[in-house]
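So the structure is just underneath, and the comments pick up after that.
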Amino acid sequence: MSSKPVSEATDPGNWPERYRALAQDARSPLLKEFYEAGCVAPDTPLAEVPMVALDFETTGLDPSQHSIVSVGMVPFSLNGIQLGAARHWVVRPKLPLHQASVEIHGITHADIAHAPDLSEILEWIFGLLKGRVPVVHYRNIERQFMDVALKWRLGEGIRFPVLDTMAIEAHLHPDRHPSRWQRWLGKQPISIRLSDSRARYGLPHYAAHNALIDAIATAELLQAQIHHHFSPQTPIRELWL
C-alpha cells in the first residue's frame, strides 16, 4: 500500500504513474484490473491514442442526490468511429426518477422497471474503458457520477483522465461571455453546448439526450476539434485533464 494519497505520491499529469499507484491501492478486482491495463504515456500523439466516447443520462445534475439512468459508449480514434462496438444500456437508478429528468431524456418508470442495476453491466463498461482514454462533453457529469456510483457499489471510487470537448471549446472561446457593453453593441454569447459546438464545425444535428447518440456526437466533435485547431501529432498531455 502507498504511504501517501495518490494525489500526493504522483505527478497529477502523469496518468500512467497514477494508474500504477491506484492499482496498488485498489481493493475491487474490477478496478485493479482496470488500472493494471494501464494508460498511454503523456507524450503519445493523439493519432495513436485509443479512445472511448462516454455519455451518461442522469436523474439530475448532482451526483450525491441523483443517479445514472443510461450509459452510451463508443470506441474510436482520430481515424474512425467503431460503431459496431458501440454500446447503450438503460439502468435502474438507485434514486427515484423525477418528472423533469423524464422530460429531458425520455426514460420513464416503465423503461427502468426491469432494467439492470449499474453493477450488473460494470464488466462490459470496464471492458470498453480499459486501455482507452475516455472522451466526454463536460467532465463533471461522467467523471463525478461514475466515481459516486462505484463508491455505492464497490466501496471505492475511480480516477481516470478525460478529453473534455466542452473544456476544449471553452479554451478556444475565452471571450464567449460578452460584457454588458458588448451585448449592447450586439455581440452575442457563444454557446459551448454539444449541439452548438458541433454546428460551428458543420457537423450534422443529432437529437440530444440519448446517451449513445451523445457519445457518438462527442466522438465526432473531438475529431473535428483536432482537425481544425490542433494536430494528430499533438501530445495527449496538452489536452487531457
What does the accessible area of PHE230 come to, in Å² to the nearest 10, when a probe of 1.4 Å is used?
-> 60
Residue order for TRP184, TRP124 - accessible surface, 1.4 angstrom probe, largest first = TRP184, TRP124
Taking every DSSP bridge whose two residues both lie in the chain, the antiparallel percent to the nearest 5 is 75
Using the heavy atoms of the protein chains alone and a 1.4 angstrom probe, what is the accessible area of the chain per residue in square angstrom?
-> 50
Determine the share of the chain's accessible area contributed by carbon and sulfur atoms, expressed in whole percent, with a 1.4 angstrom probe.
-> 52
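Given the DSSP H assignment, sum -39500 (n - 2.57) over each helix run of at least 4 residues in the chain and divide by its residue total; what's the result at 222 nm in deg cm²/dmol, nearest 500? Walk me through the intermediate numbers first.
Numbers: 11 runs with 97 residues, N = 241.
The helix-only estimate for the chain comes to -11500 deg cm²/dmol at 222 nm.
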Under the Karplus relation 6.51 cos²θ - 1.76 cosθ + 1.60, θ = phi - 60°, what is the ordered set of whole-Hz ³J(HN,Hα) values for the range 229-234, x standing for Gly and Pro?
-> 10, 10, 8, x, 8, 4
Counting only residues 5 or more places away or on other chains, whose amide H sits under 5 Å from the amide H of ALA53 once H atoms are built in the peptide plane?
-> VAL74, PHE76, VAL135
If amide H atoms are built 1.01 Å from N in the plane of the peptide, which residues on other chains or at least 5 residues away come under 5 Å of the amide H of GLY60?
-> SER67
Given a 1.4 Å probe and the protein chains all in place, what does the accessible area of LEU172 round to, in Å² to the nearest 10?
-> 50
State, to one decimal in nm, how far the label point of SER28 lies from the label point of GLN188, with both points 7 Å from Cα in the Cβ direction.
-> 4.3
Would you check the accessible area of LYS151, probe 1.4 Å, heavy atoms only, in square angstrom rounded to 10?
-> 100
Would you list TYR35, TYR206, TYR201 from the most to the least accessible area, probe 1.4 Å?
-> TYR206, TYR201, TYR35
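The values are calculated or read from the model by the stated rules, or taken from the named source; none is laboratory data. All of these numbers come straight from a predicted model, not from anything done at the bench. Note that each Cβ is placed from the backbone with ideal geometry, even for glycine, and that neighbours are counted across all protein chains shown. Calculation scope for accessible area: heavy atoms of the full protein, side chains included, ligands and nucleic acids excluded. Shrake-Rupley method; radii C 1.70, N 1.55, O 1.52, S 1.80 Å.
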